[in-house]
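See structure below.
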Amino acid sequence: MKITLQNIGRRFNRDWIFRNIDYTFTSGETYAILGPNGSGKSTLLQVLNGSLVPSTGDIKYFLNDNPLEVDTVFKQVSLAAPYLELIEEFTMDEMTDFHFKFKAYRSGMNKDAVIDLLNLQGGRNKIIKYFSSGMKQRLKLALAFCSDTPILMLDEPTSNLDTQGVDWYLNLVQQFAADRLTIICSNQIHEYSFCKHQLNISDYKK
């Protein structure tokens, strides 16, 4: 999988969030999109996954060197983000079933394996609206990591996680991110210290 950006910019009204980004993201590599809160990291991630259109420039997607239409890119992406909502009327069991109607499981995974991975005893049949914020974040991450997609996008992945949860997240990275195009939006070094490449939004403000 490859994503190429040519002179990409995004603005709201007259204010540029970022501009003049020329960059290539490729499979098997890990990327950190960095910047302070409110700098535009999440906006760039949404441009990358096709849910926002850039204000200027061209973005192109390739799967096995074959071009993809932007409206099909969502099939190739697994996303976990603070603004991505779970269906709170579902149980964990139901939410997992629902998610994997749209995404395939990674090799060797199934519903029981995903729920075991969460290590949330007694949570399987609990309504999600009664989950703590940390439990919800664990579920979002597990669904994203365990989906069989070539692109993994994570925005502030350890939001609401305690120290044990951060270690759990880093174990997921080791298990499920190695062969994918992985993009992390963060300003917390423990979330992206493993990333080989860094793109700082502040470099694209002028």
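The values are calculated or read from the model by the stated rules, or taken from the named source; none is laboratory data. Please read these numbers as outputs of a predicted model, since none were measured by experiment. Counting neighbours? That spans all protein chains shown, and the Cβs are built from the backbone with ideal geometry, glycine included.
Key figures for this structure:
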| quantity | calculated |
| --- | --- |
| Enumeration of residues in the range 187-196 that are outside any loop (DSSP other than H, G, I, E, B) and either in contact with an Asp or Glu (Cβ under 6 Å, 6 or more places away or on another chain) or surrounded by fewer than 22 Cβ atoms within 10 Å (Cβ to Cβ) (or both) | ILE189, HIS190 |
| Test: residue in the range 30-48 that is more than 18 Å from TYR192 (Cβ to Cβ), surrounded by fewer than 20 Cβ atoms within 10 Å (Cβ to Cβ) and in contact (Cβ under 8 Å) with a residue 40 or more places away in the chain | no |
| Matching option when the condition is surrounded by 20 or more Cβ atoms within 10 Å (Cβ to Cβ) and in contact (Cβ under 8 Å) with a residue 24 or more places away in the chain, among ILE21, ILE59 | ILE21 |
| Pairs with Cβ under 7 Å, 6+ apart, first in the range 152-176 and at positive phi, second surrounded by 19 or more Cβ atoms within 10 Å (Cβ to Cβ) and not in a helix (DSSP H, G or I) | GLU156/CYS185; GLU156/SER186 |
| Search result, residues across the range 126-159 that are in a loop (DSSP other than H, G, I, E, B), of a type outside the set (S, T, N, Q) and closer than 25 Å to GLY50 by Cβ | CYS146, ASP148, PRO150, GLU156, PRO157 |
| Extreme residue, modelled with the highest pLDDT, among residues of the range 160-179 that are within 26 Å of GLY50 (Cβ to Cβ) and not in a helix (DSSP H, G or I) | ALA177 |
| Residue count for the range 1-18, restricted to those that are part of a loop (DSSP other than H, G, I, E, B) and without any contact (Cβ under 8 Å) to a residue 40 or more places away in the chain | 2 |
| Enumeration of residues in the range 92-125 that are under 18 Å from VAL77 (Cβ atoms), assigned to a helix (DSSP H, G or I) and either over 18 Å from the mean Cα position of the chain (by Cα) or charged (D, E, K, R) (or both) | PHE98 |
| Test: residue in the range 161-181 that is within 16 Å of the chain's Cα centre (by Cα) and closer than 30 Å to ASP15 by Cβ | yes |
| Options ILE8, ILE3; residue that is in contact with a helix residue (DSSP H, G or I) (Cβ under 7 Å, 6 or more places away or on another chain), buried (at least 16 other Cβ atoms within 10 Å of the Cβ), closer than 21 Å to LEU84 by Cβ and not hydroxyl-bearing (Ser, Thr, Tyr) | ILE3 |
